[in-house]
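Asker: Submitted below is the structure of interest, expressed as structure tokens.
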Amino acid sequence: MKTDEVIALENQVILHTFSRPPFVLERGNGVHLFDTEGNRYLDFVSGIAVNAFGYGDYDILETLKKQASMLIHCSNLYYTEPQVKLAKLLVEHSFADKVFFCNSGTEAIEGAIKFARRWGHERFDQPKTRIVTMMGSFHGRTYGALSATGQAKFHRGFEPLLPGFVTVPFNDLEAVREAVSEDTCAILVEPLQGESGVKPADRAFLEGLRALCDEREMLLIFDEIQFGLARSGALFAHQHFEVEPDLMTLAKPLAGGLPVGAVLLRHEVAQYFVPGDHGTKFGGGPLVCSVACTVFRKLMDPALLNRIKERGAYLHAALDHLKSRRSQIKEVRGFGLIAGVVTEHEPKAIVEAFRKRNVLVCTSGKDAVRFLPPLIIEEQHVDEVVDVFDEILEQGVE
């Protein structure tokens, strides 16, 4: 099908939930994507932080082929070896004692909410059910995750939301203290807010949340769906802050582009769950978990993590240098291989200007352009993107 035919047919048969640029992607190789017209794009979106190893990674493809020839799905009614192996890897390299697998980050958040509230019911004579969340957060679009999300624009038209959530300013420990009550069971926070402008948490803020949870007998939940699994330069983002949660949600890059989510939790929480309390049909299937084992082993490689730190430092230094030369740039945020750049221009217009120059970036919140490259980028790719950005600012944004 030609590009215009695909777009026309989509308008007829697919619910319009995304506004897409007028091209059709067909294949990828390394850090580049190709459309049906043969155009090549340098990808600094990586499937919104999903395609950690870009496109066509040999290890991922070989694992996928091997497992697909053996067993794709059999449901969670039965034991499968790949699921157990992946859970073992996650437990051995994290704070957690148990893992629950699902299909997406949103489902992982839904699970974490249920796990926290079950703990709050079982642990205390008077149940604790309220959860404190942060303004500017994004946790997903199903009703529990949406109710936890601290951005009103995602709520409009879907009220009433689920009760039991209170939202406070991000990085404001005193506001959290004031919001906590006797029936608060958990605090849910992202170590870096990826969907509202790329805003990192303060170290003192996360340390304060951990101390407050210990003091008031509450659970600390980290949402590392976008920024976990090596993008920060550490295997898990919270390792930069030396603060451990009681539960953590993961998804995006874990299975190299296949749908997966995971909740990691301590025994203190897991002990209150028995068969029938929660479940999933597709989550943790053998195909996905086989690939995820391969991906996770690659992500935990110290050489890769050091390389990500180096490339992340190079990216931010290059953007900071551009900021020093271009007054249109107001702020550069983030660390590791995620950056949010605030300019005096409309972010969507800058994203479109990049696309016209065959570079893919995306927006974050109302004011930032977001850079989310594959973790395998080289310095030359950073140079190319920054040079294009410089050209856009030089020529002006329409």
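Asker: Checking the conditions here, which among Leu33, Leu61, Leu71 is surrounded by 12 or more Cβ atoms within 10 Å (Cβ to Cβ) and free of Cβ contacts under 8 Å to residues at least 12 places away in the same chain?
Answerer: Answer to the selection: Leu61.
Okay, residues lined up against (1) assigned by TED's automatic domain parsing to the domain that holds Asp246; (2) within 16 Å of the chain's Cα centre (by Cα); (3) more than 16 Å from Val180 (Cα to Cα):
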{"site": "Arg123", "(1), (2), (3)": "yes, no, yes"}
{"site": "Gln126", "(1), (2), (3)": "yes, no, no"}
{"site": "Arg130", "(1), (2), (3)": "yes, no, no"}
{"site": "Met135", "(1), (2), (3)": "yes, no, no"}
{"site": "Ala145", "(1), (2), (3)": "yes, yes, yes"}
{"site": "Ala148", "(1), (2), (3)": "yes, yes, no"}
{"site": "Ala152", "(1), (2), (3)": "yes, no, yes"}
{"site": "His155", "(1), (2), (3)": "yes, no, yes"}
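Asker: Quick check: is even one residue across region 338-347 assigned to a helix (DSSP H, G or I), at pLDDT 95 or above and assigned by TED's automatic domain parsing to the domain that holds Arg40?
Answerer: So far as region 338-347 goes, yes, one or more of its residues are assigned to a helix (DSSP H, G or I), at pLDDT 95 or above and assigned by TED's automatic domain parsing to the domain that holds Arg40.
Asker: Looking at Phe23, is it surrounded by 15 or more Cβ atoms within 10 Å (Cβ to Cβ) and not assigned by TED's automatic domain parsing to the domain that holds Ala339?
Answerer: Taking the combined requirement at face value, the residue does not satisfy it.
Asker: Given the criterion surrounded by 15 or more Cβ atoms within 10 Å (Cβ to Cβ), aliphatic (A, V, I, L, M) and in the same structural domain as Ser232 (by TED's automatic domain parsing), identify the matching residue among Val50, Val84, Val99.
Answerer: Val99
Yes/no per residue for (1) of a type in the set (A, V, I, L, M); (2) buried (at least 18 other Cβ atoms within 10 Å of the Cβ); (3) touching a strand residue (DSSP E or B) at 6+ places or on another chain (Cβ under 6 Å):
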| residue | (1), (2), (3) |
| --- | --- |
| Ile350 | yes, yes, yes |
| Phe354 | no, yes, no |
| Val382 | yes, yes, no |
| Phe389 | no, yes, no |
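Asker: Here is a further query. Which of the following residues is under 17 Å from Glu268 (Cα atoms) and surrounded by 20 or more Cβ atoms within 10 Å (Cβ to Cβ): Gly120, Gly140, Gly144?
Answerer: Gly120 is the lone residue from the list that is under 17 Å from Glu268 (Cα atoms) and surrounded by 20 or more Cβ atoms within 10 Å (Cβ to Cβ).
Asker: If Thr106 satisfies every condition in (1) in contact with a strand residue (DSSP E or B) (Cβ under 6 Å, 6 or more places away or on another chain); (2) part of a helix (DSSP H, G or I); (3) in contact (Cβ under 8 Å) with a residue 40 or more places away in the chain but one, which is the exception?
Answerer: Status for Thr106: all satisfied but (1).
The values are calculated or read from the model by the stated rules, or taken from the named source; none is laboratory data. Keep in mind that this is a model prediction, so the values were computed, not measured. Every residue, glycine among them, receives a Cβ derived from its backbone with ideal geometry; neighbour counts consider all protein chains shown.
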